[in-house]
Amino acid sequence: MATGWPKTESGALRLSTAVAAAIGAVALTVSVLSASQAILLDGLFNAIYAVVGLFTLRVGRLVIAPDDDTYPFGYGYFESMVNACKGLLMLGVSALALFNSVTALLTGGNTIAAGISIVYAALATAACTLTALVLRRVSGHVRSPLLEADIENWRVNALISAAVLLAFCLIPVARAIGWHTIVPYVDAWLVIAVVLLCLGVPVRVARTAILELLNRSPRSALVDPVRASILGALAPLPTRAVYVRMVRPGRLLYVTVHVVLDEAHPLTIRQADEWRATLDASVREVSAPVIVETLFTAEERWAAPSAGHGIAES
């Protein structure tokens, strides 16, 4: 990676926050000069990301810290909480922009200054594209849900800016060929199109994070290999049943394994610890970072799900 580019998660998140703040400040200023609702929407998106980015930087440091008496299960859920806030804030701004644009269409539209709008859109497209590329290079050797969410944001931001640039370039063309009646409506239609086309991104970001906060099991693409590694490692042990539970707040995977044994096959404390170490190493070959808790019991009622449902392997 070139000298001067960020190489760590914190460096990448600082870059993302700084660029969002810069673009947001410029966009809000240009929106006043150009009277463009599309640029105002872009400015609000970036301003929100810059503010949330300050919390993201703090959370990025917390999630790698060990648990303590105040947060006995660590800080992994903070990561999901930040991403949920990002998605919900983007949805709120999108809804407001959509309402304002529909209102503008019903009241005759608005005329914007095309020249300064085109210059802004060109600069914003270049800045967003470059930021997305830099963050993508960092993510190649740093696994971070916070960083992945930012990359998704800058991809969408670059596409939005490019679409805005294209639409603004149509305004002088429309004027040149005499289509003056459509000019006041270009900006409003542009905002509506951008919101509808990109609505899936904040919905996906918020939905994923909220499901993590609700302790929903991760997707099967992760669950199945982890479960297979656990059952494979326990194969030499005569088990009656194995119950595997997983949640994944942010980047950290929590795995709880309940192993039901016959009373005729007792384990000493040392043997149990050796099996715990074996399972921990086996899961880490599939997913990391991870916390694996293994409990051994001779009574299935201590291992089976309390509601009588779930996954039992034997």
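The values are calculated or read from the model by the stated rules, or taken from the named source; none is laboratory data. In this text the structure is predicted, and so the values were computed from the model without any measurement. Note that each Cβ is placed from the backbone with ideal geometry, even for glycine, and that neighbours are counted across all protein chains shown. The area values use the complete protein model at the heavy-atom level, side chains included, leaving out ligands, DNA and RNA. Shrake-Rupley method; radii C 1.70, N 1.55, O 1.52, S 1.80 Å.
Approximating the spin labels as points 7 Å out from Cα along Cα→Cβ, the Ala235-to-Arg204 distance works out to 3.7 nm.
Each peptide in 19-25, 181-187, 273-279 receives the mean, over its residues, of other Cβ atoms within 10 Å, and ordering these scores from highest gives 19-25, 181-187, 273-279. Taking label positions 7 Å along the Cα-Cβ direction at both Glu148 and Thr297, the computed distance is 3.2 nm, reported to one decimal. Accessible surface for Arg136 stands near 110 Å², nearest 10, in the context of the full protein assembly shown (1.4 Å probe). Over all other residues within a Cβ to Cβ distance under 14 Å of Ala193, the charged ones net out to -2, with Lys and Arg as +1 and Asp and Glu as -1. Note on Leu214 and Cys169: their simple-model spin labels are 4.4 nm apart, each label 7 Å out from Cα toward Cβ. Rolling a 1.4 Å probe across all protein chains gives Met81 an accessible area of roughly 90 Å². As a size descriptor, the averaged projected area of the C-alpha convex hull of the stretch 23-124 was calculated at 7.8 nm². If the segment from Tyr71 to Ala25 were pulled out straight at 0.36 nm per residue, it would be longer than the present Cα-Cα gap by 12.9 nm. Projected over every direction and averaged, the convex hull enclosing the alpha-carbon atoms of the chain yields 20.6 nm². For the chain, a simple Cβ point-charge model (Lys and Arg +1, Asp and Glu -1, everything else neutral) yields a dipole of about 860 debye relative to the Cα centre.
For the chain, the membrane-span-like helix rule (DSSP H, alpha carbon extent of at least 24 Å along the helix axis, mean Kyte-Doolittle at least 0.0) picks out 9-34, 37-62, 76-106, 114-139, 145-176; this says nothing about an actual membrane.
Listed values for the stretch 238-246 are Karplus-derived 3J(HN,Hα) couplings in whole Hz (6.51 cos²θ - 1.76 cosθ + 1.60, θ = phi - 60°), namely x, 9, 8, 6, 10, 10, 10, 10, 9, and x replaces Gly and Pro. Determine which residues of the stretch 177-214 fall in the zone a paramagnetic label at Leu106 would reach in this model, i.e. backbone nitrogen under 20 Å from the point 7 Å along Cα→Cβ. It comes to 184-196, nothing else.
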